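Participant: Structure in structure tokens, see below.
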Amino acid sequence: MEKVISHFKKLVNINSPSKKEKPMADYLVDRLKELNFQVTVDKGGKNMGDTGNVIGKRDGKGQPLLLCAHMDTVESTENIVIKDEEGRISTDGTTILGADDKAGLVAILEGIKMAGENTRPLEIVFTFGEEAGLNGSKALDISQFKSKNAFVLDSGGDVGTVIVKAPSEIDFAVKIHGKAAHSGVNPEDGVSAIKIAGIAIGNLPMGRIDEETTANIGVLNGGTSTNVVCPLVELKGEVRSHNFSKAEKIHDQYKDVFEVAAKEMGGKIEWISEVVFKNFEVKKDEDIILYLKKKFDALKLDMVLKPRGGGSDANILNNKGIKTVNLGVGMEKGHSKEEYITHQNLINATKLVKTLVEVED
Ligand SMILES: [Zn+2]
């Protein structure tokens, strides 16, 4: 099992921030070839970064299975200094660790290696640009895969954690156009974009809308000087819901309220929005969960089904028609410089992959 730990450290030493994953992609292509996979790199990353998704396929016995982890880290790990103390790996605090998602990558590579050649037919996807907006999985051509089920290895929580539910997210940006005028000389000739924003915000629900829906305006910029009636304000926000039509409804309400407030005051708006990802839910009596339960029991690990507030490649794969859950691999405090992972979770994640890919008797 020392191999798992040393391989993890090797991956952590390959810097692969979003849009600059090529050194990682090259490395993973070589490892998959060593494991007798047919490997391709798709063109999905064109215009986005320096590589596409790395895709590996290998024949086997029984039902095909897709495994997925992402190659990029949320920021650079250049000059990383690793600390490994009392069974816990972290950094010196200068950079993130990048266990998100190098823990997933190593579990897949080492788990398959440990299983040997006697496996189910395997389809592997190492995505680019996950942290930049699930770009790799969004660009992925799903028609090339035979798997009906997939496991994404990209969640915090000890091995045993299974993310079975995640929300939809719609992001929006609005520009409110008013009209500039001197605030002390002729304010009546101006239209205050700040006033329009204030009226709209005052009329909108924000925070928790209901038990499965939230909305937030997180950015507000505008104005240049106290003596100018403000001609332009820009706001950015998001709506999340475990029910997509509720997310759409709140999004539409936001747009309407800004439009009406602008019109009443003599201004106008420009509205841009994007469905970042759609929600999914896997029920606890579905085959994929029953299969996992059997495997966790064999490993003597507790299975804990959980929802998650953010999106992952599992949202995209589910919405493209492959039943997918996101598995905890033990990364903690991801996206921060305190990020860490234990040896035990790296080893358990690897053992889990081994048992997931093995041919059942
Ligand atoms: Zn991740």
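Bear in mind these aren't lab numbers, they're just calculated from the coordinates by the rules spelled out. As the structure is a computational prediction, the values presented were derived from the model and not from experiment. Neighbour counts are summed over all protein chains in view; Cβ atoms, including those assigned to glycine, are modelled from backbone coordinates with ideal geometry.
Participant: Multiplying the sequence separation of Asn13 and Lys236 by 0.36 nm and subtracting their Cα-Cα distance, what value in nm do you get? Before the final figure, lay out each step's value.
Facilitator: On the way: separation 223, 0.36 × 223 = 80.28 nm, distance 3.54 nm.
Stretched out fully, the Asn13 to Lys236 stretch lengthens by 76.7 nm.
Participant: Using only Cα atoms, tell me the angle between helix 22-34 and the longest principal axis of the chain; keep it within 0 to 90° and round to the nearest 10.
Facilitator: 30 degrees
Participant: If we count other beta carbons within 10 Å of each Cβ, what is the order of Met206, Met114, fewest first?
Facilitator: Details: Met206 13, Met114 17.
Ordered by Cβ neighbours within 10 Å, fewest first: Met206, Met114.
Participant: From Cα pairs below 8 angstrom and at least 6 apart in sequence, can you work out the relative contact order of the chain, rounded to a whole percent? Mind dumping the intermediate values first?
Facilitator: Numbers: 851 pairs, mean separation 88.2, N = 361.
Reported as a whole number, the value is 24 percent.
Participant: Could you sort 273-283, 177-187 so that the peptide with the highest average Cβ count within 10 Å comes first and the rest follow in order? Intermediate values should be presented prior to the final figure.
Facilitator: Numbers: 273-283: 17.5, 177-187: 14.4.
By packing density, highest mean first, the sequence is 273-283, 177-187.
Participant: If you stretched the chain out fully between Leu299 and Asn227, how much longer would it get, using 0.36 nm times the residue separation minus the C-alpha to C-alpha distance?
Facilitator: Values: separation 72, 0.36 × 72 = 25.92 nm, distance 6.88 nm.
Result for the pair: 19.0 nm of gain on full extension.
Participant: Could you work out the relative contact order of segment 168-277? I mean the mean sequence separation of Cα pairs under 8 Å and 6+ apart, divided by the number of residues, in percent. Each step should come with its number before you reach the end.
Facilitator: On the way: 240 pairs, mean separation 47.5, N = 110.
Across segment 168-277, relative contact order equals 43 percent.
Participant: Ok, one more. Order of 152-158, 326-332 by packing, highest average Cβ count within 10 Å first?
Facilitator: Values: 152-158: 23.6, 326-332: 26.3.
The most tightly packed comes first, giving 326-332, 152-158.
Participant: Show the residues, 5+ positions off or on another chain, whose built amide H is closer than 5 Å to the amide H of Val325.
Facilitator: Ala150, Val152
Participant: Now a separate question. Suppose only helical runs count, i.e. DSSP H with n ≥ 4. What mean residue ellipticity at 222 nm does that imply for the chain under -39500 (n - 2.57) per run, divided by all residues and rounded to the nearest 500 deg cm²/dmol? Could you put the intermediate results ahead of the total?
Facilitator: Numbers: 9 runs with 112 residues, N = 361.
Rounded to the nearest 500, it is -9500 deg cm²/dmol.
Participant: Quick check on packing: order 104-113, 45-54, 165-174 by the mean number of other C-beta atoms within 10 Å, highest mean leading. Spell out each step's value before the answer.
Facilitator: Details: 104-113: 26.3, 45-54: 19.5, 165-174: 21.3.
Put in order of decreasing packing, that is 104-113, 165-174, 45-54.
Participant: What ranking do Ile322, Ile96 get, fewest neighbouring Cβ atoms within 10 angstrom at the top?
Facilitator: Details: Ile322 19, Ile96 24.
Starting with the residue having the fewest Cβ neighbours, the order is Ile322, Ile96.
Participant: Across segment 221-279, how many lysine pairs separated by 8 or more positions, or lying on different chains, have Cα atoms within less than 22 Å?
Facilitator: Here the count comes out as 14.
Participant: Same structure, new question: State the volume of the convex hull built on the alpha-carbon positions of the chain, expressed per residue in Å³ and rounded to an integer. Mind dumping the intermediate values first?
Facilitator: Details: hull volume 53.9 nm³, N = 361.
Convex hull volume per residue, Cα atoms: 149 Å³.
Participant: Would you mind pulling out the separation of the Cα centroids of segment 75-97 and segment 30-59, in Å?
Facilitator: About 27 Å separates the Cα centre of segment 75-97 from the one of segment 30-59.
Participant: Sticking with this structure for a sec: Identify all lysines with a Cα-Cα distance to Lys294 below 22 Å; exclude those on the same chain that are fewer than 8 residues away in sequence.
Facilitator: Lys61, Lys113, Lys148, Lys165, Lys283, Lys284, Lys306, Lys323, Lys351, Lys354
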